[in-house]
1. Give a residue-ordered list of calculated ³J(HN,Hα) values for segment B:174-184 (Karplus: 6.51 cos²θ - 1.76 cosθ + 1.60, θ = phi - 60°; whole Hz; x for Gly, Pro).
2. Using θ = phi - 60° and the Karplus curve 6.51 cos²θ - 1.76 cosθ + 1.60, what whole-Hz ³J(HN,Hα) does each residue of segment B:134-151 get, with Gly and Pro shown as x?
3. Any idea what angle helix B:185-197 forms with the longest principal axis of chain B, computed on alpha-carbon atoms, 0 to 90 degrees, nearest 10?
4. Assigning unit charges at the beta carbon (Lys, Arg +1; Asp, Glu -1) and nothing else, what dipole magnitude in debye, to the nearest 20, does segment B:11-89 show about its Cα centre?
5. Among B:ALA40, B:THR92, B:ALA176, flag the residue with its Cα farthest along the positive direction of the charge dipole of chain B, charges on Cβ as +1 for Lys/Arg and -1 for Asp/Glu.
6. Normalising by the residue count of segment A:332-414, find the relative contact order in percent from Cα pairs under 8 Å and 6+ residues apart.
7. So for segment B:88-227, what are the equivalent ellipsoid semi-axes in whole Å, largest first, each being the square root of 5 times an eigenvalue of the Cα gyration tensor?
8. Counting other Cβ atoms within 10 Å of each Cβ, which GluC sites (Glu not before Pro) in segment B:172-227 have at most 11 and sit in a DSSP loop?
Amino acid sequence: MTHQPTIPRTTPRPSSIFDDYTLSEIRRAAATGVYDIRGAGAKRPMPHFDDLLFLGASMSRYPLEGYREACNTAVTLGDRFAEKPIELKIPITIAGMSFGSLSAQAKEALGRGASAMGTSTTTGDGGMTPEERGHSTLLVYQYLPSRYGMNPDDLRKADAIEVVVGQGAKPGGGGMLLGQKITERVAEMRTLPQGVDQRSACRHPDWTGPDDLEIKIHELREITGGHVPIYAKIGASRPYFDTALAIKAGADVVVLDGMQGGTAATQEVFIEHVGIPTLACIRPAVQALIDADMHRKVQLVVSGGIRNGADVAKCLALGADAVSIGTAALVALGDNDPRWEEDYQALGSTAGCYDDWHEGNDPAGITTQDPVLSQRLDPEAAGRRLANFLAVMTLECQTIARANGKSDVRNLEPEDLVALTVESAAMAKVPLAGTDWIPGQGGY
Amino acid sequence: MIEIDLAQTPLRQANRRLQQVAPDSNERSFVIRNPQGAHAVAAGLTDPIEVTVEGHVGFYCAGMNKEAEVKVIGHAGVGLAENMMSGRVQVTGNASESAGATGHGGLLVIAGDTSSRCGISMKGIDIVVGGSVGHMSAFMGQAGCLAVLGDAGPSLGDSLYEARLYVRGRVASLGADCKEKEMTQHHLEKLGRLLDRAKVSANPRDFRRYGSARQLYNFKIDNIGSY
């Protein structure tokens, strides 16, 4: 009998493109026939602020003494036309998130935390609640295509108005709030039947294009007497032209939201495949402001995946005047906290990954309208956590600014930065570390 | 009757005058002359005053109106009485796109025709149009009534929620999830009262009623062709 040698088997080779997530999504789609809907922003790897480094002080730059020499963090938003611009103590604001997508407790906590730190919070696609107004010293009222709950009285209670043209998670897409979260109160505020899947329009019902927006802003100023700033929020897609057009339309402030910016609920395919990264949108927007001689006159607020003081400092160095946080603020309140791991597991997720915010079953009581779950969030304690987080971000930003010799966080500049990758160097238009090469400039 | 001449008075000043009428004042009747197509004329009014605008107006006339009665003797531009809350807005001529958009309440009466998207996302406003309405009127209409004495353009009531639509003339086509419904006695009476409020002479029995089929209220894969 001839001996048959054992043939060695090659190690099973997973596909780099048909990875576990992709395979599971194909199976899920095949089983349900429905696209995947989720909350949060883009999760795919992409160039981000971690790909930038500050140079710090050296022979030619001297630093400021930490905790001794002043480093201003205050910023004024909206002094182009408004009689009462927004005066922020820190350059970090809370992004628009609706009551409906968030519990009343979460909205209250956001207001408490932001107010404690002297910054603003923002309504969302669902109108202004008394709790939110009451707990927010500075409240920005979003003016959205749906106009849910919109009325002149609330408009006049706002400290600023943000005309939402687009959102980073879904430029060109409207809002979505599924039936599970359309409770009696939410339905009443939005004039909808209870339990319907609410689809907000993707564009405004009474204007299209920048010429119309100019007239719309004119109307809002007529209604509010021109007292408060008018922001224009755009999703990052064509940041140079959109910023230029927002300036032309008369906006006091441009809010620019990159694709890592979160949403309450949108198709996964939209979140991951439409829009451009936050890192890529800042320099074109700043260039538009410079070309219009409006840099620092029309303020730029950047949002989308900002997580710490270093991210804040990098945004400011690239030319922004302030930033806005959403997802990070929710995490500070208690979102995706491992203390609820058992509950996350029961929902088929895990702490840190939970993004089925549209289903209304958030164990942390934040992205839900469930009265029992909502009670899990103590607004005072959560507001305190948010205030702590904002304080840490501010201190981190100041630390970096002082290390680069700046007495004002907004004095940080692109010259203070280098990039770790060719891609991030090209997007941020700063040199690749250790070189003087900025891809795309000088003919290369 | 207090006169405001927009040829002499800046719009902001004129609007502030109308927005800040003292509650105990006898100033209840105003006339605006020479609007010359200005935008946002009589926008943001919140008191029960009467304002007559003599001439054509631009975008957003009587925007967000609350309590006031605004009458435009002429034509109106885009977004007439947008997001109106209550009161009454009347136009003797035609109105452009998005008349009564997102209106929460009150009565909007347009004697002539309106362009597309009349009553888009309406949330409780009642709209009576003496002439015809353009395409996509009452798109995503949530609440309130739209009564059209003339014809309706394509895709009437697309993605409708609970707004009620009445059309006397021809409907070019219905939008997704909008269907014709029976005109019951209840609806005849309701429409009759609306026409009376609008001071429009028409027989409710000449109208047909349209409303939501409620098939798109919750996502169903079998309705994929309608999304």
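1. Ordered by residue, 3J(HN,Hα) equals 9, x, 4, 6, 10, 9, 6, 10, 5, 8, 7 Hz.
2. x, 5, 6, 5, 6, 4, 6, x, 9, 7, x, 10, 10, 10, 10, 7, x, 9
3. 20 degrees
4. Details: 8 positive and 8 negative charges, 39 e Å.
Here the size comes out at about 180 debye.
5. It is B:ALA176, whose Cα lies furthest towards the positive end.
6. Numbers: 73 pairs, mean separation 17.9, N = 83.
Taking the mean separation of contacting Cα pairs over the length of segment A:332-414, I get 22 percent.
7. In descending order, the three semi-axes are 23, 16, 13 Å.
8. Numbers: sites: B:GLU180, B:GLU182, B:GLU189; in loops: B:GLU182.
The qualifying sites are B:GLU182.
Every number in this text was worked out from the coordinates using simple rules, so none of it is lab data. A quick note: this is a predicted structure, and the numbers were derived from the prediction, not measured. Neighbour counts are summed over all protein chains in view; Cβ atoms, including those assigned to glycine, are modelled from backbone coordinates with ideal geometry.
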